[in-house]
Amino acid sequence: MQQPVYNVANDRGIVAVSGNDRFSFLQGLVTNDVRSVGAERVVYAALLTPQGKYLHDFFVAAIGDSLYLDCEAARRDDLRRRLSTYRLRAKVTLVDATADFAVAIIHGSGVASRLGLPDGPGSARPWEGGIVYVDPRLADVGIRAILPRATIAETLDRLGLARAGPHEFDMLRLALGVPDGSRDLPVEKAILLENGFDELHGIDWEKGCYMGQELTARTKYRGLVRKRLLPVSIDGPVPAAGSPIMLGDREAGEMRSGAEGRGLALLRLETLEGLQAGALTCGGSRLTPHKPAWAKF
């Protein structure tokens with residue numbers, strides 16, 4: 001995707017967190033340092049169970065006097081409900097702002113400079129009543145924008161961007177090995193470090209306590225990561241998510257999302273040593289895993 005293109009992501013929703021305690025409230029719950037969020041900085045973070053298992057992931061952006069969570073649209077009510085459980089006496093309000101704001105994903109040569117953005121992941125600037133920012137996970141994924149829903153398409157058209165469907169961006173994500181929320185991370189089961197959250201800048205190891213911190217830290221410092229989510233080339237039909245992946249008669253992992261010969265798979269690291277191309281099978285298809293350039297294992 002060299003020509004600059006955009007897609008208004010209808011699968012994304014917005015939860016607005018407002019009130020004097022908005023920063024401290026989220027800081028005690030999510031995996032990243034919310035205190036660093038501002039007009040020039042957006043972070044990627046997750047909400048975990050007390051046992052350190054994945055519940056939600058989202059981008060945290062500041063617009064005016066509120067923090068906006070760019071999250072899965074289909075699960076935004078669950079996110080708001082779970083956050084509300086911990087509100088107690090905190091001076092915060094949690095509002096579904098999806099009717100007012102929309103998310104766009106932008107990709108192509110020169111887009112960051114056209115928007116006046118530095119190249120670094122998470123770099124941001126206020127723009128057109130909202131905010132634009134480099135994807136804080138990985139700059140190669142592109143630019144994201146949270147803008148007023150009523151004018152988002154018109155605003156991006158004026159910038160000279162062409163419209164594209166969600167499929168183009170999904171294929172880019174799969175090639176880069178970047179997970180897409182609960183499509184790739186089973187809720188209440190997935191462990192962040194098995195899914196690249198450290199390298200994708202979703203965890204701050206210096207911040208204070210947050211929900212699920214103990215297991216997350218123990219997994220890192222005791223070297224307990226035994227599986228990793230990896231991009232795979234698929235020779236044959238794309239297997240259904242959750243399908244077992246086999247190495248001979250041994251189970252080697254599990255399929256996640258995929259399309260058109262590309263996919264993501266959670267694989268046991270021990271099975272990757274000396275692995276030949278196409279040795280992994282899933283249903284009637286053969287899989288070849290690839291280590292992403294950004295991964296550190």
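A few points about this structure:
- Applying the condition of being open to solvent by 60 Å² or more (accessible area, probe 1.4 Å) and small (G, A, S) to segment 219-242 and asking which residue is nearest to Q27 (Cα to Cα) yields A241.
- For segment 148-171, a tally of residues being among the hydrophobic types (A, V, I, L, M, F, W, C) and part of a helix (DSSP H, G or I) returns 6.
- For segment 278-287, the criterion of a residue being outside any strand (DSSP E or B) and free of Cβ contacts under 8 Å to residues at least 40 places away in the same chain is satisfied by at least one position.
- Of all residues in segment 1-22, those satisfying the criterion of being open to solvent by 40 Å² or more (accessible area, probe 1.4 Å) and assigned to a loop (DSSP other than H, G, I, E, B) are M1, Q2, Q3, N10, D11, N20, D21.
- Single condition T216 does not satisfy, out of (1) closer than 26 Å to L48 by Cβ; (2) hydroxyl-bearing (S, T, Y); (3) open to solvent by 40 Å² or more (accessible area, probe 1.4 Å): (3)
- Strands (runs of 3 or more DSSP E) lying entirely in segment 23-113 (those with 3 or more residues that are out of contact with any helix residue (DSSP H, G or I) (no Cβ under 6 Å at 6 or more places or on another chain) and crowded, with 19+ Cβ neighbours inside 10 Å): 43-48, 54-63, 66-72, 101-107
- Per-region count, segment 249-297, residues exposed (fewer than 14 other Cβ atoms within 10 Å of the Cβ) and touching a Lys or Arg at 6+ places or on another chain (Cβ under 7 Å): 2
- Residues that are open to solvent by less than 30 Å² (accessible area, probe 1.4 Å), at pLDDT below 95, outside any helix (DSSP H, G or I) and under 20 Å from Q51 (Cβ atoms) are absent from segment 187-205.
- Complete set of residues in segment 125-142 that are outside any helix (DSSP H, G or I) and open to solvent by 10 Å² or more (accessible area, probe 1.4 Å): R125, P126, W127, E128, G129, R137, L138
- Selection within segment 171-186 - open to solvent by less than 30 Å² (accessible area, probe 1.4 Å) and touching a residue at least 40 places away in the same chain (Cβ under 8 Å): M171, L174, G177, V178, P179, G181, D184, L185
The values are calculated or read from the model by the stated rules, or taken from the named source; none is laboratory data. These numbers come from a predicted model, not from an experiment. Glycine gets a Cβ as well: all are built from the backbone with ideal geometry, and neighbour counts include every protein chain shown. Accessible surface areas use protein heavy atoms only, side chains included; no ligands, DNA or RNA. Shrake-Rupley method; radii C 1.70, N 1.55, O 1.52, S 1.80 Å.
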